[in-house]
Amino acid sequence: MSIAEILETMSYGPAPESDKEARAWIKGLGGETKLFIGGAWKKAKTGESFETIAPGSGEVLTRIAQAGAADVDAAVKAAAKAQPAWAALAGHQRARYLYALARLIQRHSRLFSVVETLDNGKPIRETRDIDIPLVARHFYHHAGWAQLMDGELADREALGVCGQIIPWNFPLLMLAWKIAPAIALGNTVVLKPAEYTSLTALLFAEMCQKAGLPEGVVNIVTGDGATGEEIVKHPGIAKIAFTGSTEVGRRIREATAGTGKSLTLELGGKSPFIVFDDADLDAAVEGVVDAIWFNQGEVCCAGSRLLVQESVHDRFIARLKARMETLRVGDPLDKVVDIGAIVHPVQLERIRSLVETGVKEGASLHQPKAGVPAKGCFYPPTLLTGVHPAATVSRVEIFGPVVVATTFRTPAEAVELANNTEYGLAASVWSETLSLALDIAPKLKCGVVWVNGTNMFDAGVGFGGYKESGFGREGGREGLSAYSRPKWLAKAKPIAEKPSAQPTGDVLSTAFVDRTAKFYVGGKQARPDGGYSRPVVSPSGALVGEVGEGNRKDIRNAVEAARKAASWGTASEHNRAQILYYIAENLDARAGEFAERLAAMTGRRRQDTVREVSASVSRLFAYGAWADKYEGAVHKPPMRGVALAMNEPVGTLGIVCPEEPGLLGFVSTFAPAIALGNRVVVIPSASQALAATDFYQVLETSDVPGGVVNIVTGDRHALALELAKHEEVDGIWYFGNAATTGAIEKASAGNLKQVWAETAQRDWFDARQGEGREFLGRATQVKNIWVPYGE
């Protein structure tokens, strides 16, 4: 081809990356890999293995060891043995190890890149320029947190042994997301890479050896889903961190229920890519390319739902189709290729099947004229237009290079369409009007929003989802809480709930007028649906009063009232603070009555009940103070722009208060929740329920909007289970015995609601245990809004 012809066509010639060193390393594995346990390479005790293939060619690269229960047990024991000494190291010493790992990853970056491309099928440009640099960045960043832990996280400590299960779409990057923060804070890990893509995890294990990492701090066990199940159910593991499908995440939630294991889940997504009519359309087209065809669309936060404002839809789609014709699909090791291979034939067939379903349901299919290689697992970039929001392809995560398009007319409709999904991982908003973009971003129910950009990640910026995209954050300061706990928990005793005294038939004389307390729902008193009441008795068995016996329908009504009060979450922080101060003021005005009521129910001395009321007033003032001060952060990732970390309310919270102290436990749990914009359905102490039912008179006189606080009395455990089952409850806090915890956590798997199940006794009078950032953090979820600036 002449120079003139080259300049005329501007076609790309091949630019293959050498895989010589990578294949030599793979050959050095001896045809079958081993497990990395306790700092040494060991054969799987099962004696079993399976093939791993190169998606770009279909060839077998090597065989991967299949770890079994005995192998996982050995890895957990090695991690447990190493953990105390590792946590006892000075933060600076741990930081040096993480720093060494970061340097080794950089030193061997090309080997990591090529092995990842061979094993996963993604283009070498992406592994070389995106994945591996981010891996090193995570170890550098968390080396800093190891150094700073003693000062910045002085009240927290490591959890112990962490079980980590990662997916096949970003094998080494997901490893870094999991391992770096865990070991930085003094934990040890047992990590299982995906069965399709285990090789770079094993190469990383070699780097751990080269860095001199103490034996047992990092353990790598390979295998299929059965190996992951062994990790999840192992009693020696304190925490499970999982990235993968929502279906598997739900099963893990059920499997860990009642075990006391900490859990974070980063699951599926169906992220909207919203293009307004004032957007730079050419830039937005490139954004779509990055959003859905980056990594072949095998990205949990891929912008797979394209929402385009009606007035520019046709122009935008025409430009997008033209851009699709220039995308190059082929050998992942060719540096001019844009889209590599699908990871496995099973995934390829799933993509084909879902696209066929979309066409059958009425979508119009567009694919570029250029074909795909006949050899290997390839699928062309695909655009489906005219897609109804209820269509299968609009709702199901395809996890491939397929984008579905629909239109909207107004910003409000765009938000409604964007939120019309059970997922809530990420979103991308395109508009040249920054005020519009920043108005839309907080309204989107997801954990990450990119303004005029997409798929931006950094170790210093948290990543994670809302709803069925999981819970917890990875990266940034917000991700550290997932791998640490308050130090006081180590010595805390388990909650031992005492049985209530049996009624004797005596009636305790009090100054209160005899009445049957009702529920408080939607700002009004409400009778129980079942028409039953339950006695509240003194320690001697004398009747103090009666409260309603709540049931499933009462919970349903309370949740409905809470959902209708959604505007509380958008009220100003100053307004919420004023109302909390007002509640405190009105409680203080009736302090004597509440102290008398507490004395009657508990048999405690008057001076002790006066102290409890005083502490409750103080706690309300504390959360009034926090309401406008628990702010987010402005992250500075290595780019021209910022990421705004915003603390958003979880939504509708079900709160099952501790059995005692009745008033202080009630106030200490609902107050932080409503201070930060949540609406609550509260199940108060059963033995001291009158403290809560008297309290709604305080709420009625304190300008609390109807539905913000709802109170239902009755059997705490039965009502807690109803809250856990309810699909419209976004989170549940439970303070009680371990037996009920398992049922609550298992029931919560339906919509993967956030669960804070606390079975340790707190000193609710101690501000270090009974109030503060731990409660505020549980009442919020962090949304990171990325805002680039400059041209």
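The values are calculated or read from the model by the stated rules, or taken from the named source; none is laboratory data. Keep in mind it's a predicted model, so treat the numbers as computed, not measured. Virtual Cβ from ideal backbone geometry, glycine too; neighbours counted across all protein chains shown.
Is it the case, given these coordinates, that G91 is within 30 Å of G144 (Cβ to Cβ) and in contact with a helix residue (DSSP H, G or I) (Cβ under 8 Å, 6 or more places away or on another chain)? Against the criterion (within 30 Å of G144 (Cβ to Cβ) and in contact with a helix residue (DSSP H, G or I) (Cβ under 8 Å, 6 or more places away or on another chain)), G91 qualifies.
Going by what's in this entry, would A589 be described as modelled with pLDDT of 95 or more, surrounded by fewer than 17 Cβ atoms within 10 Å (Cβ to Cβ) and more than 30 Å from G777 (Cα to Cα)? Judged against the criteria, A589 is a match. Sub-8 Å Cβ pairs linking a first residue in the range 567-582 that is in the same structural domain as A622 (by TED's automatic domain parsing) and at positive phi to a second residue that is in a helix (DSSP H, G or I) and among the β-branched types (V, I, T), at least 6 apart or interchain, number zero.
Exactly one residue out of S435, S481 is part of a helix (DSSP H, G or I), surrounded by fewer than 18 Cβ atoms within 10 Å (Cβ to Cβ) and of a type in the set (S, T, Y), and it is S435.
Within the range 686-693, can one find any residue that is over 30 Å from S540 (Cα atoms) and either crowded, with 21+ Cβ neighbours inside 10 Å or among the basic types (K, R) (or both)? Walk me through it before giving the result.
Of the residues in the range 686-693, the ones over 30 Å from S540 (Cα atoms) are none.
The answer is no; no qualifying residue exists.
Being loosely packed, with under 13 Cβ neighbours inside 10 Å and either closer than 22 Å to D334 by Cβ or at pLDDT below 95 (or both) is a property that E17 lacks. Candidates are the residues of the range 39-60 that are surrounded by 17 or more Cβ atoms within 10 Å (Cβ to Cβ) and small (G, A, S); the one that is farthest from N120 (Cα to Cα) is G39.
How about the range 700-711: which of its residues are surrounded by fewer than 23 Cβ atoms within 10 Å (Cβ to Cβ) and touching a helix residue (DSSP H, G or I) at 6+ places or on another chain (Cβ under 8 Å)? Spell out the reasoning first.
Kept after step one, since they are surrounded by fewer than 23 Cβ atoms within 10 Å (Cβ to Cβ), are these residues of the range 700-711: 700-706.
Of everything in the range 700-711, those that are surrounded by fewer than 23 Cβ atoms within 10 Å (Cβ to Cβ) and touching a helix residue (DSSP H, G or I) at 6+ places or on another chain (Cβ under 8 Å) turn out to be T701, S702, D703, V704, P705, G706.
Of all residues in the range 361-399, those satisfying the criterion of being in a loop (DSSP other than H, G, I, E, B), hydrophobic (A, V, I, L, M, F, W, C), under 21 Å from E413 (Cβ atoms) and without any contact (Cβ under 8 Å) to a residue 40 or more places away in the chain are V387, A390, A391.
For the criterion of being over 28 Å from E648 (Cβ atoms), modelled with pLDDT of 95 or more and in the same structural domain as A671 (by TED's automatic domain parsing), A599 passes. Among the candidates R552, R563, the residue that is in contact with a helix residue (DSSP H, G or I) (Cβ under 7 Å, 6 or more places away or on another chain), within 29 Å of E722 (Cβ to Cβ) and modelled with pLDDT of 95 or more is uniquely R552.
Annotation: of all residues in the range 610-643 being of a type in the set (K, R) and in contact with a strand residue (DSSP E or B) (Cβ under 8 Å, 6 or more places away or on another chain), the one that is farthest from H141 (Cα to Cα) is R640. So, in the range 233-257, of the ones that are surrounded by 18 or more Cβ atoms within 10 Å (Cβ to Cβ) and in a loop (DSSP other than H, G, I, E, B), which residue ends up farthest from the chain's Cα centre (by Cα)? By that ranking, first place goes to H234. Take the conditions acidic (D, E), out of contact with any helix residue (DSSP H, G or I) (no Cβ under 9 Å at 6 or more places or on another chain) and under 23 Å from L752 (Cβ atoms) and apply them to E416. Does it pass? Criteria met by E416. For the range 42-77, the set of residues classified as in contact with a helix residue (DSSP H, G or I) (Cβ under 8 Å, 6 or more places away or on another chain), over 26 Å from Q347 (Cβ atoms) and outside any helix (DSSP H, G or I) consists of K42, K45, listed by residue number.
In this structure, does G714 turn out to be surrounded by 24 or more Cβ atoms within 10 Å (Cβ to Cβ) and on the phi > 0 side of the Ramachandran plot? In short, yes. Based on what the data block shows, is A279 crowded, with 22+ Cβ neighbours inside 10 Å, closer than 16 Å to V451 by Cα and in contact with a strand residue (DSSP E or B) (Cβ under 8 Å, 6 or more places away or on another chain)? So A279 fits the description; yes. Does L98 qualify as being at pLDDT 95 or above, assigned to a helix (DSSP H, G or I) and within 19 Å of G460 (Cα to Cα)? Spelling it out, L98 is indeed at pLDDT 95 or above, assigned to a helix (DSSP H, G or I) and within 19 Å of G460 (Cα to Cα). Against the list (1) touching a Phe, Trp or Tyr at 6+ places or on another chain (Cβ under 7 Å); (2) not assigned by TED's automatic domain parsing to the domain that holds A405, the condition A279 fails is (2). The set of residues from the range 34-81 being free of Cβ contacts under 8 Å to residues at least 24 places away in the same chain and either within 31 Å of the chain's Cα centre (by Cα) or within 20 Å of A226 (Cα to Cα) (or both) comprises K43, G47, E48, S49, E51.
Checked against (1) modelled with pLDDT of 95 or more; (2) assigned to a loop (DSSP other than H, G, I, E, B), G358 meets all criteria but (2).
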